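Novice: A single structure is presented below for examination.
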Amino acid sequence: MSETLQLEPFAAEHFDIVSRWFDDARTTALWGGTQLAFPFSYEQLCEGSADMLGSKPALVCFTARNGDTVAGHGQIVFDRLNGVARLCRIAIAPEFRGKGLSRPLLALLVEEAFREPGIMRVELNVYDNNAAAIRAYLAFGFTKEGIRRSSARFDNERWDTVMMGLLRTEWAQSDAFAAVKPRNKG
């Protein structure tokens, strides 16, 4: 991609764009969890937005731009007491899928999480039937740490949840960190 991917705070004007990326209830559930309705609302997508108003938000929602185009979305939930940040609802716009944006988006989100000195671990959950996402997370450096069997229900299907994690020490030694590190020295 010729443009550099940039994060910015998710805003109401981004909602219509992101919501069009999901055509049905199953695709929405695979991405946002089985409790996210289809079609979903801005309030559902940014649940906990009241927490975002403080100086130490529990939930932070981002838009990723490729030039002037909204190309991705991601959220971070902070558990500062335990030094953990959880990535969730990560998506690449359909027209950008397969074009190498997942790694830069993950790098920006992980970098944002580890910007807080007390965060020692970034984790995420992904349904086991989302093979593309699991491949992207493993290639990025996340470790598969376990499986919560039959942990979610969609219609008559039962899905397993794969738990993955990345420690601050692993991030500091990764190629992805090296790629974004110079950006932080400005």
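The values are calculated or read from the model by the stated rules, or taken from the named source; none is laboratory data. In this text the structure is predicted, and so the values were computed from the model without any measurement. Cβ placement follows ideal geometry from the backbone for every residue including glycine, while neighbour counts extend to all protein chains displayed. Only protein heavy atoms, including side chains, enter the accessible area calculation; ligands, DNA and RNA are left aside. Shrake-Rupley method; radii C 1.70, N 1.55, O 1.52, S 1.80 Å.
Novice: Please report the relative contact order for the stretch 76-186, taking Cα pairs under 8 Å with a sequence separation of at least 6, and give it as a percent rounded to a whole number.
Specialist: Once normalised by length, the contact order is 25 percent.
Novice: Here's another thing I want to ask about it. Calculate for the chain the 222 nm mean residue ellipticity that helices alone would give, adding -39,500 (n - 2.57) per DSSP H run of length 4 or more and normalising by residue count, nearest 500 deg cm²/dmol.
Specialist: -7500 deg cm²/dmol
Novice: Given a 1.4 angstrom probe, what's the average accessible area per residue across the stretch 69-129, in square angstrom?
Specialist: Per-residue accessible area for the stretch 69-129 comes out at 40 Å².
Novice: Relative contact order for the chain using alpha-carbon pairs under 8 Å, separation at least 6, rounded to a whole percent?
Specialist: 17
Novice: If you take every DSSP beta bridge fully contained in the chain, what fraction is antiparallel? Give it as a percent rounded to 5.
Specialist: In the chain, approximately 90 percent of DSSP beta bridges are antiparallel ones.
Novice: Next question. What does the highest-first list of 159-167, 128-136 look like by mean Cβ count within 10 Å?
Specialist: So the order, starting with the most tightly packed, is 159-167, 128-136.
Novice: Compute the separation of the alpha-carbon centres of the stretch 94-164 and the stretch 1-44 and state it in Å as a whole number.
Specialist: Rounded to whole Å, the Cα centres lie 16 Å apart.
Novice: If we sort 144-157, 30-43 on the protection proxy, mean other Cβ atoms within 10 Å, highest first, what's the order?
Specialist: In decreasing order of mean packing, 144-157, 30-43 become 30-43, 144-157.
Novice: Direction-averaged shadow area of the convex hull around the Cα atoms of the chain, nm²?
Specialist: 10.8
Novice: Okay, moving on. Note down the nm distance, to one decimal, between modelled labels 7 Å out along Cα→Cβ at MET120 and at ARG135.
Specialist: 3.5
Novice: Taking a point 7 angstrom from the Cα of ASP160 along the C-beta vector, which residues in the stretch 67-93 have backbone N less than 12 Å away?
Specialist: Taking a point 7 Å out along Cα→Cβ of ASP160, no residue of the stretch 67-93 has its backbone N under 12 Å.
Novice: Carbon and sulfur together cover what percent of the accessible area of the chain at a 1.4 Å probe radius?
Specialist: It is 50 percent, rounded to a whole number.
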